[in-house]
Every structure is written in C-alpha cells, then in structure tokens.
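Structure, as structure tokens:
Please treat every number below as a calculation from the coordinates, not as lab data. Quick caveat: nothing in here was measured; it's all calculated off a predicted structure. Counting neighbours? That spans all protein chains shown, and the Cβs are built from the backbone with ideal geometry, glycine included.
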Amino acid sequence: MVKSKINILHILGEEIDLGERREINFNVAKLHTRTTLEVPVIIERSFKPGPTVLFTAGIHGDEVNGVEIVRQIIAKGINKPKCGTIICIPVINIFGFLNTDREFPDGRDLNRMFPGTKSGSLASRVAYKLVQQIVPKVDLIIDYHTGAANRFNAAQIRIVKNDKKLTNLATIFGAPFVLYTKNLNKSFRNTCHTLGIPMLLFEGGKSLHFDETISNTGVNGAKRILNHLGMLQSKFRLSKPKKNVFL
C-alpha cells in the first residue's frame, strides 16, 4: 500500500497513514539490567481527515482514576474516530504507577518538570520527549488526574479564566464543576498553553482508589467532546450532563 505523504502522521519515529491503528512505544528509560522501559501509545486514525485529540493520564503514578478512564476509552472503542485521529497514553509515569507512587524514581514530580530538557533528570527527559515528539502533533489534549494526598476531589475541569474556547469545551465536557485556576509554572498544562494547544485538565476522586462515578464522568465527558468535534461513532449514546457550576 502506498501511503499519502500529505496525510501521514509522523510520531515517535513512526509513520501512520489515515485509516491505520498502531500501538507504538514511548521509550522512557533503561533499567540497570539494560531492559527497556516503555509506555504504550495507542493511535487510531480514521480514513477521513479531522482533528487530532490526545488523551493522557498517569502523570502522577498514584492517580489511578485517570488511568482507568483512558483504559475504558480504549476498551470500549471510543478512541476509534469517525474522522481525525485519537491518541491515548493511559500511563505516562509508568514508574510511579508500578510502585503506587506519585513521583518518579528520581524523586521529582513530573508535572513540575515541563517542558523538560534533553539531558536533564529522568523526569525532565520524559517531559521533554512528550513535548517535543507528541504534543505538537495534536489539536486538543484532555489530561486526567485524581485528588492527591488522600484527598477526595469532586469531578471537575480546570481551566484558566477568560479563555472562551476552553470555557466552551469545559461546558461541553459536562463535569459537575469547572474551576478557574492559574497554570502552574513548569506544569504540563502551562507548557501546552505556551505552545497554543488547548488542554482540559480533569480531576476527580482519590489517589489509589477507583471510583466508578468519577470514571463514568470522565468517559462521558470524553464522548461529548468527541461528538462536538464530529469524531464520535454514532453507536455511542450520549448522556445529558448536569449544569456546570463555575467556580
């Protein structure tokens, strides 16, 4: 099959044409045994061109609700778009996830290491690779988080104030609460803002605890966003969201 160079997605050294499904590896490190540690990146492309949406979770390894939400998006086939491209990274901080720890093995919080450096700490190098090789390929990011430090957070979307596009997307997502919060320095959200790539940050539940209500809210929000973009397959039913409370 001859690939169309116009529509090829170049990502992590791979070429992916329209209509292709690929699971590629995001190489994050080598263990002391020289075993490669990799994060799966699941890419689904429609034959019809359209937007590219990235779903991410597990920036903090103990925030398992976000991981479950992205897992369900993949398992239910929600990530198979009617048009465009959907990229899913269920667990970015694979070290923390395997060790039920918020941080990287170097003791650093990945969400305070962006945009990262090519030759810095382990967390900084992972942030750099994500920003350099994946983020520029997308039009919208939905990043899933969970309440930290044994704190339960109600399902919410966090955005900056006075951004009409993000406010509209947050309303469509349909989480019970929308919080106006500043972008923290060296966070993933702030870096994407600097690059001009819109991000919805979802937060809900409690670290190291699965919550079905929270995961349902996260999955349903993803479906509403994809439907708004014309990317959701018609077989999926949409639940009506409750009215947003903006705080």
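How many angstrom lie between the Cα centre of segment 43-115 and the Cα centre of segment 191-208? Segment 43-115 and segment 191-208 have Cα centres spaced 11 Å from each other.
Annotation: the antiparallel percentage among DSSP beta bridges lying fully within segment 16-133 is about 70.
Would you mind calculating the relative contact order of the chain from Cα pairs under 8 angstrom and at least 6 residues apart, reporting the percent as a whole number? The normalised contact order for the chain reaches 20 percent. For residue 216 and residue 14, a Förster radius of 45 Å and the Cβ-Cβ distance give a FRET efficiency of 0.85, rounded to the nearest 0.05. Springs between Cα atoms under 10 Å define the GNM used for the chain, and in it the highest mean-square fluctuation of 171, 100, 52 occurs at 100. DSSP beta bridges fully contained in the chain are about 50 percent antiparallel. Shown here: semi-axes √(5λ) of the Cα gyration tensor in Å, derived from the displayed model; of the candidates (1) 30, 20, 18; (2) 35, 22, 17; (3) 25, 24, 17, it corresponds to (3). Stretching residue 185 away from residue 36 to a fully extended chain increases their span by 50.6 nm, per 0.36 nm per residue minus the current alpha-carbon distance. Each residue, residue 148 and residue 245, gets one label point 7 Å from its Cα in the Cβ direction; the gap between the two is 2.4 nm. Annotation for segment 53-141: trypsin sites (Lys or Arg not before Pro) lying in DSSP loop with at most 14 further Cβ atoms inside 10 Å of their Cβ are 76, 118. Taking every C-alpha pair closer than 8 Å and separated by at least 6 residues, the mean separation divided by the residue count of segment 96-238 gives a relative contact order of 25 percent. Of the candidates 143, 101, 163, which one comes out as most mobile in a Gaussian network treatment of the chain with C-alpha springs shorter than 10 Å? Among 143, 101, 163, the largest mean-square fluctuation in the Gaussian network model of the chain belongs to 163. What is the distance in Å between the Cα centroid of segment 215-247 and that of segment 120-172? One Cα centre to the other: 17 Å. Of the cross-linked pairs 137/206; 129/164; 165/186; 48/137; 48/223; 118/164, which ones have a Cα-Cα span greater than 28 Å in the structure shown? Pairs exceeding the cut-off: 137/206; 129/164; 118/164.
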